[in-house]
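Data block below; observations after.
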Amino acid sequence: MMKEIVVATDLSPRAARAVERAAMLAKEQGAHLTVVSAVDDALPADMARDMAERAKAKIDHQLQALGQKNGCKATSRIVFGRHFEAILDAANDARADLLVLGRHRKGHVRELFRGSTGERVIRYGRLPVLLVRNIARKPYKRILIGADFSPASERAAGFACQHFKDAALEICHAFDMAFAGLMGGVRTGSKRTAKDEAAIAAMVEEEKRYFLKRLGKPAHNLRFHHVIGQAEEVLRREVRRRKPDLLVLGTHGRGALARAVIGSVAENFLRDPPCDILVVRR
């Protein structure tokens, strides 16, 4: 179970959705919730102080209403500095298990995920990040996990299995035939034979077995299926077909390359999220 959830808000309607989802998760997990709002410390002191006071008053009012609604334990915190750094520092100070963000307004998603607060929080932070798109009407019940058998997707699947045990969890493995061509003697084009199909199926089954073994003891309601095709295309098709409440994606570590590129699949989904998205770092 999670112990601490931090949600960042700029007091916009989209951020309000994130706060509501974070409060719902905190209640489910028995976690404490911290609602953080960042004020730019480059502003004149009087202006920054006024913004901070107004932000705290609005957040406290929102938390009072949420407390009456679902009884979660929550506090507010106003931080000063560059927004993404201040939010990350607050989350790290709180030893958060999860950081929750709201989706940026339509038309500015590219800017959000190419250099502003949301993108930098995901790129430079170590925490799992939940991007909230939809109104939080109920707990997550249908969760789709994108997997490629990598350590990153293993950690993402493990996080989902650990914290969303009451949801129907489904792992979708997109198998790109281009990689199957690396197997000696296996044809992947139109000349593919039944023998080739059997070899590919055996390889996928072996990888699946080791993947699930590394997960340890997955949730009792975890299902697994694989689909031939390019990862992003497969996942978008599966999201349209299965209509999950939450899509879970893993992305690689914190080296220079990882900071430069979140991961093409995760990044593209974050630019135009079809549902709420949880990104888990390796």
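Every read-out reported here was derived from the displayed coordinates using simple, explicitly stated rules and does not represent laboratory data. In this text, all values refer to a predicted model and were calculated from it rather than measured experimentally. Please note: Cβ atoms are built from the backbone with ideal geometry, for glycine as well, and neighbour counts cover all protein chains shown.
For D148, the residues 5 or more places off, or on other chains, whose built amide H falls under 5 Å of its own are S153. Summary of the geometry: the stretch 62-77 and the stretch 134-157, compared by the centres of their Cα atoms, lie 26 Å apart. Across the options V39, S12, I78, the greatest Cα extent toward the positive end of the charge dipole of the stretch 4-132 (unit charges at beta carbon of Lys, Arg, Asp, Glu) belongs to S12. Charge tally around F224: other residues with Cβ under 14 Å, Lys/Arg +1 each, Asp/Glu -1 each, net -1. The radius of gyration of the Cα set in the stretch 4-132, together with its Dmax, comes out at 13.8, 41 angstrom.
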